[in-house]
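> What follows is a structure written as structure tokens; I'll ask about it next.
The values are calculated or read from the model by the stated rules, or taken from the named source; none is laboratory data. Predicted, not measured: the structure shown is a model, and the values here were computed from it. Backbone-built Cβ (ideal geometry, glycine too); neighbour counts: all protein chains shown. Quick note on the areas: whole protein, heavy atoms, side chains included, nothing else; ligands and nucleic acids left out. Shrake-Rupley method; radii C 1.70, N 1.55, O 1.52, S 1.80 Å.
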Amino acid sequence: MQITRLFEIIYILLNKETTTAKELAERFGVSTRTIYRDVDTLSLAGIPVYSERGKGGGISLLPDFVLNKSILSEQEQNEILSALLGLSAVKTVDTDRVLDKLSTVFNKTATPWLDVDFTEWSFTQESIFHDLKCAITESRITTFDYYSTYGNKTSRRVEPVQLWFKSKAWYIKAFCLEKQDVRLFKLTRIRDLSVTDEHFIKRDLVEDTGDTHPNDHRADVTLKLKIAPEMTYRAFDDFEDAKPQPDGSHIVSVTWPEDEWLYGFILSFGEHVEVLEPAHIKDIIKAKAKNILSKYL
């Protein structure tokens, strides 16, 4: 949200000779201290904005300053607009606002050459995306209730670090104050999210390699499954290497953490899957299938 505020401050100062920190603070709903920090940020970025305290003072730009779009080539302008179009896939209002303003500055309309929508069919993420974005960019502690793979509900207090998309799902990467460690929380399992007014100092965290699984504290198991022809599309959707068989089925192998999610995933194929290996997974699926059947007898 800060980047949008900085852009708007520049536009306000371009159209108004002088304004006050109080006026800007009221406009953006922040403190005057935050506005003065924004002025410092703009100055460090090379924007000639300055402030004069006291009666008759205010915040101004140097009289000869213009927002010079010529510092960016035609290709660079197009790349910026295209990147913002990609970001708009997560439906953030701030991104659309910046896109509109830069399109005006560059005097061109962004060509919608790409349409990406990461949201799931049954899950509306617009509100939670906006709240978590504010929490990350403004370094604000966030609280929520979280449901684990086993259905256990816990209350969490976290310092959000990054929104993360992996394996067809969105996660929030955060430093959990209860666990005193970095954790991944799947957005669909979060309830009653609240971004507090309590700020935190960003920690010097070890960079994630990108291959961490949210259930990596559980033991892995290597599965070998036979997927029936009726579920060929699932074999292609869910597995990287599906080996075709003479009867039209596909054999797939994958190593995943063993938990209730894994059992549910296998059962989601219904009668169109056969667990070939390992034996203990075959027994677990058999027992669960019998339990399901008993509910309908």
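> Go through the range 228-251 residue by residue and tally those that are at pLDDT below 95 and among the β-branched types (Val, Ile, Thr).
Going through the range 228-251 one residue at a time, the tally reaches 1.
> So, in the range 257-290, of the ones that are closer than 22 Å to residue 148 by Cα and touching a residue at least 40 places away in the same chain (Cβ under 8 Å), which residue ends up most open to solvent (accessible area, probe 1.4 Å)?
261
> So which residues in the range 264-297 are farther than 19 Å from residue 228 by Cβ and either in contact with a Gly (Cβ under 6 Å, 6 or more places away or on another chain) or of a type outside the set (Lys, Arg) (or both)?
278, 279, 280, 283, 284, 287, 291, 293, 294, 296, 297
> In addition: Kindly evaluate residue 143 against the criterion of being out of contact with any helix residue (DSSP H, G or I) (no Cβ under 8 Å at 6 or more places or on another chain), open to solvent by 30 Å² or more (accessible area, probe 1.4 Å) and closer than 27 Å to residue 29 by Cβ.
So residue 143 passes the test.
> Also, I was wondering about something else. Can you name the helices (runs of 4 or more DSSP H) wholly within the range 7-90 that have at least 2 residues being closer than 22 Å to residue 139 by Cβ, at pLDDT 70 or above and open to solvent by less than 60 Å² (accessible area, probe 1.4 Å)?
21-28, 32-44
> Hey, another quick one. Taking interchain pairs and intrachain pairs at least six residues apart, which have beta carbon atoms under 7 angstrom, with the first residue in the range 195-210 and at pLDDT 70 or above and the second of a type outside the set (Phe, Trp, Tyr) and in a loop (DSSP other than H, G, I, E, B)?
Close Cβ pairs satisfying both conditions: 199/139; 200/139; 202/139.
> Of the residues in the range 261-279, how many are of a type in the set (D, E, K, R) and either more than 17 Å from residue 236 (Cα to Cα) or at pLDDT below 95 (or both)?
Residues that pass the stated criteria total 2.
> Which one of 293, 297 is assigned to a helix (DSSP H, G or I), out of contact with any Pro (no Cβ under 6 Å at 6 or more places or on another chain), at pLDDT below 95 and surrounded by fewer than 14 Cβ atoms within 10 Å (Cβ to Cβ)?
Answer to the selection: 293.
> Restricting to the range 257-282, what's the tally of residues that are outside any strand (DSSP E or B) and touching a strand residue (DSSP E or B) at 6+ places or on another chain (Cβ under 9 Å)?
The qualifying residues number 11.
Residue by residue, here is whether (1) open to solvent by less than 30 Å² (accessible area, probe 1.4 Å); (2) modelled with pLDDT under 95; (3) touching an Asp or Glu at 6+ places or on another chain (Cβ under 9 Å) holds:
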residue: 154; (1), (2), (3): no, yes, yes
residue: 187; (1), (2), (3): yes, yes, no
residue: 219; (1), (2), (3): no, yes, yes
residue: 225; (1), (2), (3): yes, no, yes
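> Within the bounds of the range 239-256, is there any residue that is in contact (Cβ under 8 Å) with a residue 24 or more places away in the chain, crowded, with 16+ Cβ neighbours inside 10 Å and assigned to a loop (DSSP other than H, G, I, E, B)?
For the range 239-256, residues in contact (Cβ under 8 Å) with a residue 24 or more places away in the chain, crowded, with 16+ Cβ neighbours inside 10 Å and assigned to a loop (DSSP other than H, G, I, E, B): absent.
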